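S.K.: This is the structure I want to talk about, given as structure tokens.
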Amino acid sequence: MRVFSPIFVLLCCLSVVSSPVLSMSEPTEFKMSAAREKLDEFLSKQNYKGALEKLKLDGTKAPDEGIALFLLKSNGFELWKNLTQIDQKWVLSRIMKASYNPLGSVSVRKPLEDIKEQALARRIFAFYRSTLGLMLGEAENMWLKAIFEKKPAVHHAIIEGREEDLVALLNDPMRSNLFYGFADPDEPSTSSLYIEDPTELRAATVFTLLQKLAAVVGVRRSMNPECDPTHVRNLISVTSTSAEEMLDALDIEFGFRIDFPNPYPGEVGLVTSRGIASYRSIHALYQAWRCSQLVENCENCKVLEIGAGLGRAAYYAHKFGFKNYTIVDIPMTSIAQAHFLGTVLSSDSITLPEEAAVDGRIRIITPPKLFSEEEKFHLVVNFDGLTEMTREVAMDYWEYAKRNANVFLSVNHEANPYTVRELYMSSKVGKKCVTRGPYALREGYMEEIIDIRK
């Protein structure tokens, strides 16, 4: 579902309110076309491409905000209000094609030294082969299904392949299904733009997400769509902030320089001075920041993440100063986590199952390992995954957290057969223990914090 910026929503609302009411007998199509042509003629005379360039809308600005700013400054706002929403889309599309480049790009592989890659790959594949006899859950688990339905070639390559082939598989995972389901290139689009180029569209989507992150953290104002145009005119200079400016402000708030490591070719996103920012990397930044808010001291607390995707949240948690961070996941996904974290941090930054835990390293373990011990954690988290397991397995994880954690943080949607709320309410958690509300960065998801200590 497309998410529109507040300014764009304001303009669309005004168009609905201000457009003249047409009867069935009036030539509706003619009036729509006339209004559109009138605005297009005005914009052409104003040289909207040159005007936007003068305003330094260089691809790191939100384009709908830039267009709103241009219309306000060029006295074209009244003409805009008289357009239907269909015609507004047409005008936006025309302006976008003439003047906007969201600076999207695709990452290119940056190889490590061969000897380091081979050593890391040996550790990873030795770990995977050692897990072949493990019971990982019921066959209905969608992620276990993915192994056998989507990733059989990957599985057999690891079991039977030569070392050089396995290293190549890790170095260019987009050519296989290794990243299927958690880091594949087909991320959902939440942009309000009408851009045909998928790379540009992805960049615009990431920019919109970065705006939301900056607003939630508090380094960027959140616009009120209920304000009148005069108020919008006063605040637009505050809200039209570039990606680099938002990242600089987030650096100060977070206490470290944000970066976007791109160890694999084919990652698409927004170009920044810190790497290509992908869709999931912005979510991971939020998730790590949220973890830092829920504990008293990052360095001394213990965190368990259930199902970690590629491991980006763990990467940023490391940046926040977490020294005792554990990931529990199925072996196929753990391969990706181990290689990503071992590459963007170092091979010495992780420990794999059957390896001794070391303080300061991110620990990756299997579900049987977790459930064989009762280890205490300050915080247990799950981001977009718990309800994709069978209800029985998810309940096992919740019960484990209830016994061993102080706080449980969940960010999940509710379109699957059961919800996270059903899990914790079934175990009679008091309502006063729960803080629940919409997840700020992605529509349709709920963020729930259960303070088990209460």
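The values are calculated or read from the model by the stated rules, or taken from the named source; none is laboratory data. Everything quoted here is computed from the prediction, not taken from an experiment. Don't worry about glycine lacking a Cβ; one is built from the backbone with ideal geometry, like all the others, and counts go over all protein chains shown.
S.K.: Go through region 112-145 and give me each residue that's at pLDDT below 60, surrounded by 18 or more Cβ atoms within 10 Å (Cβ to Cβ) and in a helix (DSSP H, G or I).
M.R.: The answer is Trp143, Leu144.
S.K.: Hey, could you check region 435-454 for residues that are surrounded by fewer than 16 Cβ atoms within 10 Å (Cβ to Cβ) and basic (Lys, Arg) and say which is nearest to Glu373 (Cα to Cα)?
M.R.: Here the residue is Arg453.
S.K.: Quick one: in region 435-452, of everything that is among the hydrophobic types (A, V, I, L, M, F, W, C) and more than 11 Å from Ser410 (Cα to Cα), which residue is modelled with the lowest pLDDT?
M.R.: By that ranking, first place goes to Ile452.
S.K.: If a residue has to be charged (D, E, K, R) and within 19 Å of Met425 (Cβ to Cβ) to count, how many in region 367-407 make the cut?
M.R.: Count: 6.
S.K.: Here's a follow-up. Quick one: in region 328-348, of everything that is among the polar types (S, T, N, Q) and in contact (Cβ under 8 Å) with a residue 40 or more places away in the chain, which residue is nearest to Asn262 (Cα to Cα)?
M.R.: Here the answer is Thr343.
S.K.: Still on this structure, please answer the following. Please state which of the following conditions Met246 fails to meet, knowing it meets all the rest: (1) out of contact with any Ser or Thr (no Cβ under 7 Å at 6 or more places or on another chain); (2) under 30 Å from Asn171 (Cβ atoms).
M.R.: Failed condition: (2).
S.K.: Considering only residues that are in a helix (DSSP H, G or I), touching a strand residue (DSSP E or B) at 6+ places or on another chain (Cβ under 7 Å) and either surrounded by fewer than 16 Cβ atoms within 10 Å (Cβ to Cβ) or among the aromatic types (Phe, Trp, Tyr) (or both), which ones fall in region 379-425?
M.R.: Tyr397, Tyr424, listed by residue number.
S.K.: Residue by residue through region 308-363, note down the ones that are of a type in the set (Val, Ile, Thr) and in a loop (DSSP other than H, G, I, E, B).
M.R.: Result: Ile330, Val358.
S.K.: While we're here: For region 278-295, state whether one or more residues are under 18 Å from Ala203 (Cβ atoms), of a type in the set (A, V, I, L, M, F, W, C), modelled with pLDDT under 95 and out of contact with any Leu (no Cβ under 6 Å at 6 or more places or on another chain).
M.R.: no
S.K.: Can you tell me which residue within region 252-273, out of those that are in a loop (DSSP other than H, G, I, E, B) and small (Gly, Ala, Ser), is surrounded by the most Cβ atoms within 10 Å (Cβ to Cβ)?
M.R.: My answer is Gly266.
S.K.: Among the numbered criteria (1) buried (at least 18 other Cβ atoms within 10 Å of the Cβ); (2) under 16 Å from Ala440 (Cβ atoms), which single criterion is violated by Gln293?
M.R.: Unmet for Gln293, out of (1) buried (at least 18 other Cβ atoms within 10 Å of the Cβ); (2) under 16 Å from Ala440 (Cβ atoms): (1).
S.K.: Would you mind stating whether Lys432 is basic (Lys, Arg), assigned to a loop (DSSP other than H, G, I, E, B) and surrounded by fewer than 21 Cβ atoms within 10 Å (Cβ to Cβ)?
M.R.: no
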